[in-house]
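For reference, the structure discussed in these notes is given below.
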Amino acid sequence: MIAKAKQVKRKSKPVRKWSKKVTETSNALDLKRNVFKLSDSKKIARSLKQSAARSRRKKGTPYQSAMSMLNFYINRGGKNLSKRQKAVLERAKNELRKSFHKNSSGKAKPAGK
């Protein structure tokens, strides 16, 4: 007789949404509610800049804090972001650079250019 192997059901680990927790309880910036869902990249950049300038808990410069939060949201959104919203957020990066007078590498633009 052939013995059948017992199938052991294993409990699956609970899904941990650490990125959700970071977004909701971040100690770096106090963001306006649903700021990343706006359809205007200039409004997103302006809001991030204001939040970063007001925050007293950030570790880096306001530019670094604002750009880090935006990149974090884009990276964590991944496949769940629509192409349209991802494009808006990518444009918001450029708007942030403009508002902080940075070039595409994140360094300050030379004076007079």
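Where a number appears in this text, it was derived from the coordinates with a stated rule and is not lab data. What you see is a predicted model; the values in this text were computed from it and never measured. Note that we place each Cβ from the backbone using ideal geometry, even for glycine, and neighbour counts take in every protein chain shown.
Summary of computed values
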quantity	calculated
Criterion: crowded, with 16+ Cβ neighbours inside 10 Å, more than 19 Å from Lys21 (Cα to Cα) and without any contact (Cβ under 8 Å) to a residue 24 or more places away in the chain - qualifying residue of Ser41, Ser82, Ser104, Ser47	Ser47
Residue list for the stretch 63-97, filter: acidic (Asp, Glu) and closer than 21 Å to Asp30 by Cβ	Glu95
